[in-house]
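First the structure, in the form of structure tokens, and then the observations on it.
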């Protein structure tokens, strides 16, 4: 317990990654970083972070943007609820980022982890972060087998992280935990031979690195089959904005038929397009989300100019499609046509 924090901070001073948000105390930029980097690799998120800071240099600029603008800038990053929450939170700030832990916690889309990260880094407040990296490091070093997805486990790890937190350098300590979990104490094949904590690590001593941390519940994954139809109507095509309650909320897509398997539902096609010929474009694509596996096909149909548009869709010039925010899967499929 006594040597954990000093050892970790020394490692961080010698090995920390040079990242743009580590050169600022601006809570707005640190917040942007924390939201963008959730469920995202640094290499991918860095480009998005720089783009958001350039386009929306303050909460006021972000609040003034339309949701479509924010989603378009976010396109390809996934977990789009983060972008919608980011926008809603900016609108609630009245141009000024909150200066208290309670105020930061009240922002839409901000949980305990994000609030602790922002407040410790920007304001030097003594709040420890607890995320996947922290669970992994602490469970291995201290040999804790309590499931991390249980109420007891969450309380136990939160209390331990808070006890270990260096109150003088809380921001550095939290960032050290993040980097250490990402670079040394990794989920698979951890770098135990290079680990400065190895001599006192219970998992290393007992050969339990691959078994810790423990999760009590397995995530249920469902399989879905999407059949997209690109409509070519002269220089125009059809799109719609997805509604609430499903993946890719408020993003745009071409007509979609969801089937029970990889076979295109012919009844729906006949109802929509009559006798017009629908042709497959390319091979099926497998798209993996956190709790879903989607098998998607792209088809194309050419319709005469007089053909009536389907209810709920809008007709837009095909050349304007890049202006609309779409999912990464939709972007892949559109590139075919």
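At a glance:
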| read-out | value |
| --- | --- |
| Peptides 231-241, 266-276 ordered by average Cβ neighbours within 10 Å, highest first | 231-241, 266-276 |
| Distribution of pairwise C-alpha distances over region 198-250, 5 Å bins, in % | 4, 11, 10, 13, 8, 9, 7, 6, 8, 8, 6, 5, 3, 2 |
| Angle in degrees between helix 4-15 and the longest Cα principal axis of the chain, rounded to the nearest 10 | 60 |
| Within a Gaussian network of the chain (alpha carbon springs, distance under 10 Å), most fluctuating of 245, 143, 153 | 245 |
| Quarter of Cα convex hull surface for region 136-203, i.e. mean projection, nm² | 4.8 |
| Kirkwood Rh (inverse of mean 1/r, distinct Cα pairs), region 192-337, angstrom | 18.2 |
| Rounded to 10°, Cα long-axis angle of helix 151-164 versus longest principal axis of the chain | 50 |
| The chain: angle of helix 170-183 to the longest principal axis, Cα-based, in degrees nearest 10 | 60 |
| Of all DSSP beta bridges in the chain, antiparallel share, percent nearest 5 | 60 |
| GNM flexibility winner over the chain from 76, 181, 111 (Cα, springs under 10 Å) | 111 |
| Fraction of beta bridges assigned by DSSP in region 222-334 that are antiparallel (%, nearest 5) | 60 |
| Choice from 86, 164, 71 showing the highest fluctuation, given a GNM over the chain with Cα pairs closer than 10 Å | 164 |
| Calculated Rg and Dmax of region 1-90 using C-alpha coordinates, Å | 15.5, 50 |
| Cα-Cα P(r), region 32-150, percent of pairs per 5 Å interval | 2, 11, 19, 21, 20, 14, 7, 4, 2, 1 |
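None of the figures in this text is laboratory data; all of them are computed from the coordinates on show. The structure displayed is predicted, hence computed values, not measured ones. Methodologically, a virtual Cβ is constructed for each residue, glycine included, from the backbone with ideal geometry; neighbour enumeration extends over all protein chains shown.
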